[in-house]
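Working notes, structure below.
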Amino acid sequence: MSEIYKSIMQGLNEALDDASGKKKLPHKAVSIIPVKIYSADEIKAIRKSTGMTQKLFAEYFGVSAKTVEAWEKGTNHPSGPSSRILSMMESNHALTKEYPFVKMS
């Protein structure tokens with residue numbers, strides 16, 4: 001038998017033992033922090049902290065400048081991935097320098 005097969009069978013047997021109560025394996029609970037809903041003022045403040053125009057900010061997120069304008073007016077709100085990036089930018093102001101999708105000149 002191959003080592004891979006042995007490893008898979010060992011894992012399956014351990015899982016069966018855990019499920020039947022013969023042997024308890026350590027378990028870790030994982031939870032995801034909910035996506036924050038940003039206000040227009042918060043979005044504008046985050047953008048300004050980066051020193052980007054609305055156009056550059058939009059390019060960084062891969063959205064149109066009109067979308068960023070709507071976010072900052074409060075007529076639309078960023079969706080999940082954009083909200084996640086905003087939260088990363090909010091907690092790490094150097095994010096745009098660490099991940100320079102837009103080159104500043």
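Across the range 30-74, the number of residues qualifying as in contact with a Gly (Cβ under 6 Å, 6 or more places away or on another chain) and of a type in the set (S, T, N, Q) comes to 0. Restricted to the range 7-105, the set of helices (runs of 4 or more DSSP H) holding at least 2 residues that are surrounded by fewer than 16 Cβ atoms within 10 Å (Cβ to Cβ) and free of Cβ contacts under 8 Å to residues at least 60 places away in the same chain comprises 40-50, 65-73, 80-91, 95-98. Is it the case that some residue within the range 7-23 is aliphatic (A, V, I, L, M), in contact with a helix residue (DSSP H, G or I) (Cβ under 6 Å, 6 or more places away or on another chain), modelled with pLDDT under 90 and over 28 Å from T96 (Cβ atoms)? Within the range 7-23 (the criterion being aliphatic (A, V, I, L, M), in contact with a helix residue (DSSP H, G or I) (Cβ under 6 Å, 6 or more places away or on another chain), modelled with pLDDT under 90 and over 28 Å from T96 (Cβ atoms)), the answer is no, since none of the residues qualifies.
When the range 49-86 is filtered for residues that are of a type in the set (A, V, I, L, M) and closer than 21 Å to Y99 by Cα, the ones remaining, listed by number, are M52, L56, A58, V63, A65, V68, I85, L86. Out of everything in the range 36-69 that is β-branched (V, I, T) and at pLDDT 90 or above, what residue ends up being farthest from the chain's Cα centre (by Cα)? Checking each candidate, the answer is T53.
The values are calculated or read from the model by the stated rules, or taken from the named source; none is laboratory data. Keep in mind that what you see is a predicted model, and the values were worked out from it rather than measured. Don't worry about glycine lacking a Cβ; one is built from the backbone with ideal geometry, like all the others, and counts go over all protein chains shown.
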